[in-house]
Amino acid sequence: MPEKPPFEPPQPPVQVAEMARMYPATHAHMLKRSDYVSNVYAIQNLLEIGDPGWNCEPKDVKLAYQVIGSNLESWVVDYALADLGKDWETLRARFPRMVRKYCAETLAGAFLYKTILTKIFQQSFWYLDGHSNEDQRDDQGFAPKLQYLYERFFQTNPKAAVVWKRATHRLAKATRPGQARDLDFGKYNQQRQEDAIQTWADELLASETFGLLLISRLTRKDLAQRRDDLLLIFQKAVAAMERCEAFLGGHIELRSLSKLNETYQPGTENMVHHFCHGTTSQGSTLEGRRILLVTQPTVIYHHHNVAPGPNHQSTATIISKASVVLEKKDQDAGSSEDDHDMDISGLAGAEIRRRKNTDRDDFAPLPDNEWAGVNLL
């Protein structure tokens, strides 16, 4: 039986002075327990300043972003043409049958998503005026420069950068009691946002390219309603941006055609096929088809819910998956005259809508379950 080692009494703790002598470099960064706790609380308080009124979860952001899509799709169905006709034959010929059938709606939706993401999400400081005490004129270059500064901050320290951006938006957008002590600046920027939205809507409706996709013969009442509905889409987009940037916080990543696979892979986390290709269950039959068009990109937020502590892990939330239009099958090659509807672009808006709805009813029970467009609300 082995002998027990001789009993050794516990050694007294090493004194701070002895630690300083043994590890001079390490000791220079050591803190007393009380100082460490004070620092932790200081950081926590700094991060939580103004938090009341800004609480948000990723699921809330997803819902806010989905509202954009539902309003946008309804607008496209109400005010866009269906087929584009022979003038767009080169483009149409590459799309599958149901996408050709509703090509104008598909492109109008893609146009709207691109406008929203470019103007609102990619340049999130767009609403700031760039004024100074000496110059009260709007500085159109201020927002891009601030965005560039944020991106440099993000390269330097991502976690600190997203906290800085979230705090900047909260300070500039506080409009409710509890969000800030003084709400004047937030209300001023809120009015600037509303003015910008009206300008964007008017510019988009006046665009020659976008106009080619829309029903042209509308009554004055329809024209006013079309503008109001478009304003609502932009308002919902701004609300979703605020949820992402000021409430949740984080770094946005958009994955468009250049960042997605060249071919469609069903079941991936960052894309779904366009509804004109049919139901979700048909995804396997679309596998391997080349992606022709991304009608809306993947929207991801990284580095949100930043918190102190060594065990914190940055999280990523997919706000929206990309919607992709795929190339038609080889056996579907060639475009026949039967693919074309009669040119209805010169008809009154109400008649075009009636025919589009009737057409949808005719196509709804197709044996391959392809869904012809979006239901009118």
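Just so it is clear, none of the values below were taken in a lab; they were calculated from the coordinates. Owing to the predicted nature of the structure, the values given are computational and were not obtained by experimental measurement. Neighbour counts run over all protein chains shown; Cβ positions are idealised from the backbone, glycine included.
Here are the numbers for this structure:
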item	result
Residue 122-residue 192 FRET efficiency (beta carbon distance; Förster radius 22 Å; 0.05 resolution)	0.75
Calculated FRET value between residue 261 and residue 239, using beta carbons and R₀ = 35 Å, to 0.05	0.65
Shape of the range 125-200, Cα gyration tensor, a/c cut at 1.5	oblate
Convex hull volume per residue in cubic angstrom - Cα atoms of the range 202-295	169
